[in-house]
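Trainee: Supplied in structure tokens, the structure appears directly below.
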Amino acid sequence: MEKRKLGFAGPEVPVVCLGGNVYGWTLPEPETFRQLHAALDVGLNFVDTADVYSRWAPGNKGGESQTIIGNWFAKTGKRKDVILATKVGMEMSEGKMGLNAAYIRQAVEQSLQRLQTDYIDIYQAHKDDSETPLEETLGAFDELVKQGKVRYIGASNYSGARLAKALETSRKHGYASYISLQPHYNLVERRDYESDLLPVVEKYQLGVIPYFSLAAGFLTGKYRSQQDTEKAARGSMVQKYLNDWGFAVVAALDEVANAHGSTPARVALAWLLAQPGITAPIASATNEKQLVDLAEAAKLKLDAESIQRLNKVSARENAAEALAG
């Protein structure tokens with residue numbers, strides 16, 4: 001599978017990242033084990049998770065995804081075969097959140113224990129913490145890198161201004177620096193990345209691993225009516241796309257997929273891979289067909305006409321008009 005360097009100083013990674021948010025939520029442990037085996041077989045050895053996954057599911061408390069991945073490592077001995085990314089900062093329980101130094105030190109130990117490993121390849125700030133000085137956060141991350149518990153650090157859900165300030169803070173103090181950004185970016189969520197974050201990504205040569213690359217499944221074409229969302233785990237997340245503009249985007253994906261003998265999901269990921277700064281879109285899978293889509297998307301090269309067709313139909317002015325209407 002094709003690989004790209006993750007940022008100016010990061011590792012080479014496959015061009016699609018397997019999302020671990022479904023582990024312990026819509027994909028129980030036995031099925032997760034089978035998926036991870038199958039993913040390695042097709043070259044998908046870049047996995048993204050977080051300590052908070054999947055706290056939102058009934059009966060869960062957070063840490064379930066990491067625990068399942070850790071159990072798989074323990075059972076198979078495959079830790080060194082996986083590029084593992086995880087995150088810290090979202091609320092795990094009352095008072096357990098943020099990016100202050102004491103909490104980062106506590107959270108990383110708990111993540112390492114759940115993951116049954118002694119190092120994390122890419123440790124990411126899950127969201128900005130405006131109440132903690134950047135010097136404190138980055139100083140704590142720097143300690144972890146020097147201790148060998150973390151190889152690289154990344155950021156998620158930062159504004160362009162705060163991301164730039166964080167990068168300059170690392171330069172000023174000689175701290176480990178973010179090599180990657182994990183933003184919300186896909187065909188129907190373009191504005192924030194393209195207008196606010198892309199200039200920073202290009203200036204500092206960051207790698208980009210966007211989440212919700214398939215817009216919670218909307219860009220696969222599985223949600224074509226209100227009725228399609230009613231029993232789906234992520235149905236509520238796609239409500240805002242169920243309008244003329246959203247359906248026009250899906251129709252364009254259908255057309256491009258038919259022209260390439262492909263699927264809408266593969267085309268949506270291939271479009272992302274053709275965008276400036278993108279290293280590896282993150283997408284999750286809950287069955288074998290979806291996993292095949294992720295692997296095949298890495299091989300799909302869209303022609304300029306197809307990319308322009310998708311750019312035009314998903315343009316923000318069309319989105320604004322549809323949402324206003």
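The values are calculated or read from the model by the stated rules, or taken from the named source; none is laboratory data. Since we're looking at a predicted model, the values are computed, not measured. A quick note on method: Cβ atoms are made from the backbone with ideal geometry, for glycine too, and the neighbour counts reach across all protein chains shown.
Trainee: If you go through the range 29-42 one residue at a time, do you hit one that is among the aromatic types (Phe, Trp, Tyr), more than 17 Å from the chain's Cα centre (by Cα) and part of a loop (DSSP other than H, G, I, E, B)? So that I can check it myself, show each step before the final result.
Mentor: As a first pass, look at the range 29-42 and keep what is among the aromatic types (Phe, Trp, Tyr): 33.
Next, from what is left, pick out any that are more than 17 Å from the chain's Cα centre (by Cα): 33.
From the residues that got through so far, the ones that are part of a loop (DSSP other than H, G, I, E, B) too are none.
Checked the range 29-42: no residue is among the aromatic types (Phe, Trp, Tyr), more than 17 Å from the chain's Cα centre (by Cα) and part of a loop (DSSP other than H, G, I, E, B).
Trainee: In the range 57-110, which residue that is touching a helix residue (DSSP H, G or I) at 6+ places or on another chain (Cβ under 6 Å), assigned to a helix (DSSP H, G or I) and small (Gly, Ala, Ser) is farthest from Leu40 (Cα to Cα)?
Mentor: Here the answer is Ala101.
Trainee: If I ask for residues that are hydrophobic (A, V, I, L, M, F, W, C), surrounded by 14 or more Cβ atoms within 10 Å (Cβ to Cβ) and more than 18 Å from Tyr152 (Cα to Cα), which ones from the range 90-109 would you list? Quick ask: steps written out before the conclusion?
Mentor: The first filter runs over the range 90-109 and keeps only residues hydrophobic (A, V, I, L, M, F, W, C), leaving 90, 92, 97, 99, 101-102, 104, 107-108.
Next cut, surrounded by 14 or more Cβ atoms within 10 Å (Cβ to Cβ) only: 90, 92, 97, 99, 101, 104, 107-108.
Residues satisfying the conditions are Met90, Met92, Met97.
Trainee: Quick test of your reading of the structure: Trp72 fulfils all but one of (1) touching a Phe, Trp or Tyr at 6+ places or on another chain (Cβ under 9 Å); (2) touching a residue at least 60 places away in the same chain (Cβ under 8 Å). Name the failing condition by number.
Mentor: (2)
Trainee: Is there any pair linking a residue in the range 105-126 that is at positive phi to one that is outside any strand (DSSP E or B), with Cβ under 6 Å and at least six apart or on different chains, and which?
Mentor: Hits for this filter: Gln116/Gly70; Gln116/Phe73; Gln116/Ala74.
Trainee: Now for a separate question. Looking only at the range 19-28, which residues are under 11 Å from Thr49 (Cβ atoms) and either in contact (Cβ under 8 Å) with a residue 60 or more places away in the chain or in a helix (DSSP H, G or I) (or both)?
Mentor: Result: Gly19, Gly20, Asn21, Val22.
Trainee: Go through the range 34-69 and count every residue that is crowded, with 18+ Cβ neighbours inside 10 Å and either under 26 Å from Ala297 (Cβ atoms) or not β-branched (Val, Ile, Thr) (or both).
Mentor: Looking only at that region, the number is 21.
Trainee: In the range 273-317, how many residues are modelled with pLDDT under 95, surrounded by fewer than 16 Cβ atoms within 10 Å (Cβ to Cβ) and in a helix (DSSP H, G or I)?
Mentor: Summing the residues that are modelled with pLDDT under 95, surrounded by fewer than 16 Cβ atoms within 10 Å (Cβ to Cβ) and in a helix (DSSP H, G or I) in the range 273-317 gives 4.
Trainee: Taking helices (runs of 4 or more DSSP H) that do not extend beyond the range 158-272, which have at least 1 residues that are β-branched (Val, Ile, Thr) and in contact (Cβ under 8 Å) with a residue 40 or more places away in the chain?
Mentor: 198-204, 244-260
Trainee: Something else about it: Condition first: modelled with pLDDT of 95 or more and in contact with a Cys (Cβ under 6 Å, 6 or more places away or on another chain). Can you find one or more residues in the range 188-201 that meet it?
Mentor: No: zero hits.
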